[in-house]
Amino acid sequence: MNFIPESRLEELLNDKLDFLFILNMDGIIIDMNLAAITILGFSREELTHKHFLSAYAPNYREKMAVTLPLAIKGDVFSCPYPFVTRTGEIIPVDTKFYVGWWKGENVLVAVSTNLAVKYFSEEIFLSIFNGSQVMMAITAIDSNTVFNVNSAFLEMLGYSLGEVSGKTVRELGVYYNYSQRESMLRQFAVDGKAEGEATIKTKSGELLDCLLSFKRIKIQKDYYLLAAITNITRRKQMEEKLKHLNYQQKLLADVAQLLNKSDDFEGIINIVLRLVGQHSNVSRVYIFENTLDEQFTTNTYEWCNEGISGKKELFQMVPYTNVPSWKKILKEEGRIFSVDIKKLPQDIIDVLAPLNVKSLLAYPIYIQNRFWGFMGFDECVQEKVWLDDEVNLLLTVTNNVTNALERKLYLDQAKNSEMRLRMALNGAREGLWEWNLLTDKMFFTDACYTMLGYEADKEGRDRSWWEELIHPDDLPNVLHAFEEHLKRKTDYYESIFRVKDKAGEWRWILDHGKVVERDKSGNAMRAVGTHIDITKQKQVEEELHEMVVTKDNLFSIISHDLRGPVGNFMQIIELLTSDMDISPDMRADLLNELRSTSKNTFYLLENLLNWSRSQRSEIVCNPKAFIINELVAQNILLLSTAANQKTIDLQFDEKTNYEVYADYDMINLVVRNLLSNAIKFTRLSGTITISLSRQIEFVEVTIADNGVGMSEDRVSKLFTNNEFHSTYGTNNEKGSGLGLVLCKDFVSRNKGTIKAESVLGQGSRFIFTVPLSVQ
C-alpha cells in the first residue's frame, strides 16, 4: 500500500471537491477535510470519533465492513462504494487507501475522488473520464450504442477504441449475462440512475466480477448514459477467502464447544464427524479404535455423505496383519495422505479399491502415549485436491477429538474408583453432606444439589443457606434434634423435614447425621450425614390417606344409603305378603314405591360399581364417533316416567346434529346422572332444559333446571373425589353425590371439562364438553 506524506494531507484538508478521511487502525475517523463537511452536510463533531462506515449508504455498509479490514491489512487499495449525504443523497466516489503519519500517529488515509456529475464542468468531467482507473463508457440512452470508453475500459477488457465505438452493448458482448444489464436499465428508466453487480467478459473470455453504476449525464445539450464499471474480482476472491476462513474458525469453535460437553459423548462425536464431513465435502469420516495390544482395530464411529453407503459393520476387529502398511505409515510418517490411492502400498490399495475410495487422508490418535487408533477422511466420488488450509484444519479437528477421547478416558478411570459408592447412593437417592462447625461451612455432594434442582457447588455453602431452604414450620424441630445430638443426648441425629427446591416446590428429606470429630473439651468440630429424598414416599402416604378417607365415605354410603332402601323393600314385601286386607289403590301405591326405590337403588349400585372399577383402572376409554343428539334423546325417553311423576317439562329441541368422538358408554352415564339429578332436585311442575352448542373443537352440553339450587360452598365440593354429599330430592329422592364424582372422571378421560353453576333457591346448570369428531 502506498504512503502519503503529512504535507500532502495538509493540502487535501482544504479541498472543497474531493473527500479526505483520516482514520485510526480501527477504522475510527480522526479528521476530515472541508469537502467531507460541506458536501456530505455533517458537522465536524458529528463525524469525528465515528466509524468510517457511517459515511456510507446503508446498503453498502455490510460490504464495507468486509472491505475496510482488508484495507487496514493492506490487501485492498481502493473501493468503489458511494458515500451518502445527511439528506440521503448518494455521492459516487472512487476511494483510494494509503498509509500515513498524522500528528504522531500511524493512520489509514481514505482519499475519495468525487464523481458526482453536478460538481464538474464538461472539461473537468472529460478529464476525470479519461484519467480514471475505473472503467467508464458513454452510451446512448435509447439505442445502447457505445460512443466512448476510457483507457481503463480498453486496457482491462482488451479492446481498442475502434472495436468498441459505434457498436451496441449487446453486439459487443461484454455482459456474460445480459439480463443483469436489462435489470439495471429498468431501474435506470425509473430513477435516472442504477447500481448493481454483473459479470463482465473480456475479449479473451475471462470473466470479471464487477460493480456497476449507471448515471444520466448531459454533454452540451444531449443526455447520455454513463456507466462506471469497477473490477471487484480480486475483492470478491478475498471476501470468499475471508468467509471461508471465518467458516473454518466457526467450525473449530463449534467442534471445541461440543467436545467440551460431558453428556452423550457418542452423540457429540457423531455430530462432530457430520460437521467436519459437510465442511470438507468428503464422502466418509470415521474413527477406528485399536485393541490394547494394537493387533486389531475396529470402526467405532462413522459419518457418510449423501449417496455413500456405510462400511462400519465391515471393519470390526480387523487384524493389522491384513494391512501392515497402514499402521507402519501412520506411526512413522504421522499421516496417510494421497490424492490418488493407486500411489499407496498394494496392501492398502487392496482394502480401499473395493470401497471405491479415490483419495484419502488419515491421522493417528495417541492417548496416554499409546497408539489408540486413527481418524480418516475418504473421497469416493473423484480424486480430491487437498488444499493446505483444509489439511491443517482436519489435523486440528483430529487433535481436538484426540483430546476429548483422552479426557473421557481419564474421567472414566476416575469414575470407576468411586462407582460402587455412587451407585449405592444414587440408587437410594442419597446425598452426602459434611459440616465444619468451626467455620460453619457445609459441603454437599452433587446428589444433594441435583435432588433439589440446583447446580453443584464445590466451594460449599454457609449453614444459613441451608436453613433458609427448610420449611419454617420444620426448622425448630430440625435445630432441636441436632442440638440434642451435639449434647450427646442421642447417638445420632435424625430428622424429617421439608426443603424448597429451585422450582419453589417443597420436597421431603430424611436427614441422618453424626458428629465424627470433637476437640479435647468434647465440643463438636465436624459432622457428616446423608440426605434421602422421600418425597415419593410422602406422596404415597398422602394418597393412601385419601384412599382411606374415600373408603370410609364409601362405606358410609353403603351402610346408610343402601340399608334404607333395602329396609324399605323388606317392609313393603312383608306388607304385601301378609294376611292384611290391602285395597287395590294402596297395593298400587306400594308397588310404585317399590319400583321407584328399586330403580334408585339400581342406579346407586351401578354408580358404585363404575366408580370402583374406575378407581382400579378397569374401565378403558374406547372413543368412537356418534351423534350426541341421539344419546340425549334416548336418556330423556328413559327418564320421562320419573319426570312425568313430578309433572316436570323436559325441553330439548336441538335442530343441529353434532357428531362427537368419545366413549359412548361413559358419556351416556354422564348424561343420565346429570339428567336424573336435575329431575330429583326440581320441584313439581318445574322445567329442565337440555341444550347443545359448538365451542371450537368441542360440543358443550348444558343441563339446566329451576329447582332448589345450591350454595357456593356446596358447589365448590361437588366434584371432590373423597367427599360424597348425600342429599334428598324435592320428593325425598335419595342421592349420594357419587354420580357427580364419576361424571367428572369420565368427562376428563374423554378430554373434556365439567363445571356447575347454581343459585340457592333458583336452580342449577351443569355444563360439560365433549370433543367433536374430526371429519
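Kindly establish whether Trp372 is more than 21 Å from Leu251 (Cβ to Cβ), crowded, with 16+ Cβ neighbours inside 10 Å and not hydroxyl-bearing (Ser, Thr, Tyr).
yes
So, in segment 30-71, of the ones that are of a type in the set (D, E, K, R), open to solvent by 40 Å² or more (accessible area, probe 1.4 Å) and touching a strand residue (DSSP E or B) at 6+ places or on another chain (Cβ under 8 Å), which residue ends up nearest to Leu245 (Cα to Cα)?
The extreme case among them is Lys50.
What's the number of the only condition in (1) open to solvent by 40 Å² or more (accessible area, probe 1.4 Å); (2) assigned to a strand (DSSP E or B); (3) modelled with pLDDT of 80 or more that Cys210 fails to meet?
(1)
Name the residues in segment 100-125 that are modelled with pLDDT of 75 or more and open to solvent by less than 40 Å² (accessible area, probe 1.4 Å), would you?
Of everything in segment 100-125, those that are modelled with pLDDT of 75 or more and open to solvent by less than 40 Å² (accessible area, probe 1.4 Å) turn out to be Gly100, Trp102, Val107, Leu108, Val109, Ala110, Val111, Ser112, Asn114.
Can you name every residue in segment 671-723 that is part of a helix (DSSP H, G or I) and small (Gly, Ala, Ser)?
Scanning segment 671-723 gives Ser676, Ala678, Ser716.
Between Gly74, Gly88, which is closer than 27 Å to Leu212 by Cβ and either polar (S, T, N, Q) or open to solvent by less than 40 Å² (accessible area, probe 1.4 Å) (or both)?
When all the criteria are applied, what remains is Gly74.
Give me the strands (runs of 3 or more DSSP E) completely within segment 12-114, filtered to those with at least 3 residues that are over 45 Å from the mean Cα position of the chain (by Cα), ordered by residue number.
Those strands (runs of 3 or more DSSP E) span 19-23, 93-102, 105-114.
Would you please name the residue that is most open to solvent (accessible area, probe 1.4 Å), looking only at residues in segment 496-521 that are more than 19 Å from Ala456 (Cβ to Cβ) and assigned to a loop (DSSP other than H, G, I, E, B)?
It comes out as Lys520.
Scan segment 488-501 and give yes if some residue there is closer than 19 Å to Asp533 by Cα and basic (Lys, Arg), otherwise no.
Looking through segment 488-501, at least one residue is closer than 19 Å to Asp533 by Cα and basic (Lys, Arg).
Got at least one residue in segment 438-459 being charged (D, E, K, R), at pLDDT below 90, closer than 14 Å to Asp511 by Cα and surrounded by 12 or more Cβ atoms within 10 Å (Cβ to Cβ)?
No, segment 438-459 contains no residue that is charged (D, E, K, R), at pLDDT below 90, closer than 14 Å to Asp511 by Cα and surrounded by 12 or more Cβ atoms within 10 Å (Cβ to Cβ).
Conditions first: (1) over 19 Å from Thr113 (Cβ atoms); (2) open to solvent by 40 Å² or more (accessible area, probe 1.4 Å). Lys16 passes all but one, so which condition is the exception?
(1)
When you scan segment 535-557, do you find a residue that is at pLDDT 80 or above, loosely packed, with under 13 Cβ neighbours inside 10 Å and of a type in the set (Val, Ile, Thr), even just one?
Yes, segment 535-557 contains at least one residue that is at pLDDT 80 or above, loosely packed, with under 13 Cβ neighbours inside 10 Å and of a type in the set (Val, Ile, Thr).
For segment 144-157: of the residues being in a helix (DSSP H, G or I) and free of Cβ contacts under 8 Å to residues at least 40 places away in the same chain, which is surrounded by the most Cβ atoms within 10 Å (Cβ to Cβ)?
Of everything passing the filter in segment 144-157, Ala152 is surrounded by the most Cβ atoms within 10 Å (Cβ to Cβ).
From Glu289, Glu313, which residue is in contact (Cβ under 8 Å) with a residue 60 or more places away in the chain, open to solvent by 50 Å² or more (accessible area, probe 1.4 Å) and out of contact with any helix residue (DSSP H, G or I) (no Cβ under 7 Å at 6 or more places or on another chain)?
Glu289
Can you tell me which residue is surrounded by the most Cβ atoms within 10 Å (Cβ to Cβ) among those in segment 228-242 that are touching a Leu at 6+ places or on another chain (Cβ under 6 Å) and modelled with pLDDT of 90 or more?
So, considering only residues that are touching a Leu at 6+ places or on another chain (Cβ under 6 Å) and modelled with pLDDT of 90 or more, the one surrounded by the most Cβ atoms within 10 Å (Cβ to Cβ) is Ile229.
Which of the numbered conditions does Ile219 fail, given that it passes all the others? Conditions: (1) open to solvent by less than 80 Å² (accessible area, probe 1.4 Å); (2) under 45 Å from the mean Cα position of the chain (by Cα); (3) at pLDDT below 90.
Single failed check for Ile219: (2).
I want to confirm something. Restricting to segment 128-143 and keeping residues that are over 23 Å from Thr113 (Cβ atoms) and free of Cβ contacts under 8 Å to residues at least 40 places away in the same chain, which single residue is least open to solvent (accessible area, probe 1.4 Å)?
Checking each candidate, the answer is Ser143.
Return the residues of segment 647-670 that are crowded, with 18+ Cβ neighbours inside 10 Å and outside any helix (DSSP H, G or I); say none if nothing qualifies.
Selection gives Ile648, Leu650, Tyr658, Val660, Ala662, Asp663.
Identify the single condition in (1) under 11 Å from Lys203 (Cα atoms); (2) of a type outside the set (Phe, Trp, Tyr); (3) open to solvent by 60 Å² or more (accessible area, probe 1.4 Å) that Val174 does not satisfy, given that it satisfies every other one.
Among (1) under 11 Å from Lys203 (Cα atoms); (2) of a type outside the set (Phe, Trp, Tyr); (3) open to solvent by 60 Å² or more (accessible area, probe 1.4 Å), Val174 violates only (3).
One residue is enough: does segment 176-194 have a residue meeting the conditions assigned to a strand (DSSP E or B) and free of Cβ contacts under 8 Å to residues at least 12 places away in the same chain?
For segment 176-194, residues assigned to a strand (DSSP E or B) and free of Cβ contacts under 8 Å to residues at least 12 places away in the same chain: absent.
Check segment 725-738 and report whether any residue there is of a type outside the set (Phe, Trp, Tyr) and either farther than 25 Å from Leu594 by Cα or at pLDDT 85 or above (or both).
Within segment 725-738, not a single residue is of a type outside the set (Phe, Trp, Tyr) and either farther than 25 Å from Leu594 by Cα or at pLDDT 85 or above (or both).
The values are calculated or read from the model by the stated rules, or taken from the named source; none is laboratory data. As the structure is a computational prediction, the values presented were derived from the model and not from experiment. With ideal geometry, Cβ positions are generated from the backbone for all residues, glycine too; neighbour counts draw on all protein chains shown. Side chains included, ligands, DNA and RNA excluded: accessible areas come from the protein's heavy atoms. Shrake-Rupley method; radii C 1.70, N 1.55, O 1.52, S 1.80 Å.
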